[in-house]
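One structure is given here, and the rest of the page talks about it.
The values are calculated or read from the model by the stated rules, or taken from the named source; none is laboratory data. Here the structure is a predicted model, which means the values were calculated and not measured. Heads up, the Cβs are rebuilt from the backbone with ideal geometry, glycines too, and the neighbour counts pull from every protein chain shown.
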Amino acid sequence: MSEDLDDKLRRKGAEHEVKGAKRELEGKIEKNIGDATDDLSKEASGKAKEVAGKVQKNVGEAVRKNV
């Protein structure tokens, strides 16, 4: 039973890693577009998404590796 739970947690961790990496990349792109167009709001929004994605990716990695 606990092995099934461990497998589920590993999969969830990997899922969060991938989603976080995607979010981080989207944020970088948005930030760069905001920088290129002098749109401070878009730049800030992109930076926030980038940081949130990095956190999500790192949490997913920690869960996956420590289960």
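Take region 30-43 and flag every residue that is of a type outside the set (Asp, Glu) and surrounded by 13 or more Cβ atoms within 10 Å (Cβ to Cβ).
Within region 30-43, the subset of a type outside the set (Asp, Glu) is 31-34, 36-37, 40-42.
Of everything in region 30-43, those that are of a type outside the set (Asp, Glu) and surrounded by 13 or more Cβ atoms within 10 Å (Cβ to Cβ) turn out to be Lys31, Asn32, Ile33, Gly34, Lys42.
Could you list, ordered by first residue, the pairs with Cβ atoms under 7 Å in which the first is in region 47-67 and farther than 27 Å from Ile33 by Cβ and the second is modelled with pLDDT of 95 or more and hydrophobic (A, V, I, L, M, F, W, C), at least 6 apart or interchain?
Arg64/Ala14
What are the residues in region 16-67 that are within 14 Å of the chain's Cα centre (by Cα) and of a type in the set (Val, Ile, Thr), if any?
Correct list: Val18, Ile29, Val51, Val55, Val59, Val63.
Answer yes or no as to whether Lys8 is modelled with pLDDT of 95 or more and basic (Lys, Arg).
Numbers: modelled with pLDDT of 95 or more: no; basic (Lys, Arg): yes.
Answer is no for this residue.
Could you grab me the full set of residues in region 22-67 that are polar (S, T, N, Q) and either at positive phi or part of a helix (DSSP H, G or I) (or both)? Break it down into steps so the answer makes sense when it comes.
Narrowing region 22-67 to residues polar (S, T, N, Q): 32, 37, 41, 45, 56, 58, 66.
Listed by number, the residues that qualify are Asn32, Ser41, Ser45, Gln56, Asn58.
So which residues in region 15-29 are of a type in the set (Gly, Ala, Ser) and buried (at least 19 other Cβ atoms within 10 Å of the Cβ)?
Gly20, Gly27
Could you check how many residues of region 1-14 are of a type in the set (D, E, K, R) and surrounded by 14 or more Cβ atoms within 10 Å (Cβ to Cβ)?
So in region 1-14, the residues of a type in the set (D, E, K, R) come out as 3-4, 6-8, 10-12.
Those still in the list that are surrounded by 14 or more Cβ atoms within 10 Å (Cβ to Cβ) too: 10, 12.
Selection size over region 1-14: 2.
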